[in-house]
Each structure stands twice: as C-alpha cells, then as structure tokens.
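Shown next, in structure tokens, is the structure this report addresses.
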Amino acid sequence: LDESDLQAVGQMPPVDEQVVRLARLAQSCGLDGVVCSAKELPAIRAACGQSFVTIVPGIRPAGADTGDQKRVVTPQQAMADGASFLVIGRPITQAPDPRAAAVEIVRSLHTPAAP
C-alpha cells in the first residue's frame, strides 16, 4: 500500500507513522513480529528493537519486473535494513529456471556490494 491507498480507507497519518504505530501495537500485544514493507524496516527496528521479527514481501532482484508491487527493494537492501525473513515469490516462481533464479538471489546476498 502507498499513501493514496491508506487515505482511501481512512488512514490519514503518513505511511511510516502508521506502520510504526501498528508494529508497536503488535509488540505490546505479545506478537514476536510483523509482516512489513522493507521501506519501513529502519523505523520498525528503531521502534521495536533488533529481536522483533520482520517478514518482508515485495522483494525484487535488481532489474526485475516489479509487477503489482508498489514498494519494492532488492534482497541486499532488505537484509542491510534489518529484515529477518524475505518473501521472494514471483521472481523465482515465474523465472524460466526457478532453481537458477533462487540460487542467484542467494549468491547475491553473499557477494559484497560494489562501492
């Protein structure tokens, strides 16, 4: 969801504030973590701590089609920002060779980024 989607359903705070509010609420209710966009990972980490689990969909390798996802990041960026788990679906399942696509994503996570 983006700002306009949230406004359409009556949510008026900026996305990042709403996400942090809901993550804190989840944590205060005893949940171990949340599913969230990578765009808010730093804010959630700051608000809820490093041990709070974040499951992050909308992950796309660099140059991959974003499809219907509005707020995507690369696997490397999500991990750098503190994701606990990545959800990478279509870039693998819709690849001509899903195994090779998955292997390449894992390899990219273990390769240092270019300066």
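The values are calculated or read from the model by the stated rules, or taken from the named source; none is laboratory data. In this text, all values refer to a predicted model and were calculated from it rather than measured experimentally. Virtual Cβ from ideal backbone geometry, glycine too; neighbours counted across all protein chains shown. Each accessible area value is taken on the protein alone, full model and side chains, heavy atoms only, with ligands, DNA and RNA left out. Shrake-Rupley method; radii C 1.70, N 1.55, O 1.52, S 1.80 Å.
Across the alpha-carbon set of the range 16-61, the Rg to Rh ratio works out to 0.95, Rh being the Kirkwood radius.
The share of accessible area on the chain that comes from carbon and sulfur is 58 percent, using a 1.4 angstrom probe. Any idea how far the Cα center of the range 1-40 sits from the one of the range 53-91, in Å? Each part's Cα centre sits 17 Å from the other's. Rounded to the nearest 20, the size of the Cβ-charge dipole of the chain about its Cα centre is 240 debye, with Lys and Arg at +1 and Asp and Glu at -1.
Report note on the peptides 90-102, 72-84: ranked by the mean count of other C-beta atoms within 10 Å, highest first, their order is 72-84, 90-102.
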